[in-house]
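Handing you a structure now.
The values are calculated or read from the model by the stated rules, or taken from the named source; none is laboratory data. Just so it is clear, the structure is predicted and the values come from calculations on it, not from any experiment. As a convention, Cβ positions derive from the backbone with ideal geometry for all residues, glycine included, and neighbour counts pool all protein chains shown.
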Amino acid sequence: MLTFEQKTAILDSFPELERKDVSLGRVNYHFEGSAHEKKTVGYRFHPNGNGYVFAGLLGDYDTDDKGFVNVRDFTEEQLREIVEASIRSLAPGTGSSSKSPKPAQPAPSAAPGDETWTDGGDQELILKLEDETYFIYSGFSLEMAFETLEEAEEYLQEEGFSRK
């Protein structure tokens, strides 16, 4: 396992990321150039070895309900790879101009706890709870954000969507 210092040195080596020292000796890394609401790439890197990287827009990792992967036991190569992929997934114009574009998809797969809503035709939206906010995604694009589940569901119903 990499040490805290090794992990933070790896994340510090990405000029796109801004280091933010938080409580209890933990460190977060933000990507201010993100094209999405989500700006946190590295989350709660702690001297005890724990740390998380956002992979919610990547299909290759098992993520928690907020889209993060625990990288406690990652090698240097694995950590660099997931951080690079996370930044690419959040960067503007990652569709057609990216070095390794992802195939076009109508919507990302819903994670456990997410809800898929459909208009009865070919359009699907994903309702996702992240950081105590309800987000509605169309594909990889954020459509709307709400403070309560009731507001989000009301919006979806008004727009002609129902739970799948």
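Looking only at strands (runs of 3 or more DSSP E) that lie completely in region 117-164, which have at least 3 residues being free of Cβ contacts under 8 Å to residues at least 60 places away in the same chain and in contact with an Asp or Glu (Cβ under 7 Å, 6 or more places away or on another chain)?
Once the strands (runs of 3 or more DSSP E) in region 117-164 are filtered for at least 3 residues that are free of Cβ contacts under 8 Å to residues at least 60 places away in the same chain and in contact with an Asp or Glu (Cβ under 7 Å, 6 or more places away or on another chain), what remains is 124-130, 133-138.
Within the set of pairs 6 or more residues apart or between chains, which connect a residue that is in contact (Cβ under 8 Å) with a residue 60 or more places away in the chain and surrounded by 20 or more Cβ atoms within 10 Å (Cβ to Cβ) inside region 16-31 to a residue that is in a strand (DSSP E or B) and of a type in the set (Phe, Trp, Tyr) with Cβ atoms less than 8 Å apart?
Leu17/Tyr29; Leu17/Phe31
A further question follows. Take region 107-122 and flag every residue that is at pLDDT below 85 and either surrounded by fewer than 15 Cβ atoms within 10 Å (Cβ to Cβ) or among the aromatic types (Phe, Trp, Tyr) (or both). So that I can check it myself, show each step before the final result.
We begin by selecting, within region 107-122, every residue at pLDDT below 85; these are 107-113, 120-122.
Across region 107-122, the qualifying residues are Ser109, Pro112, Gly113, Gly120, Gly121, Asp122.
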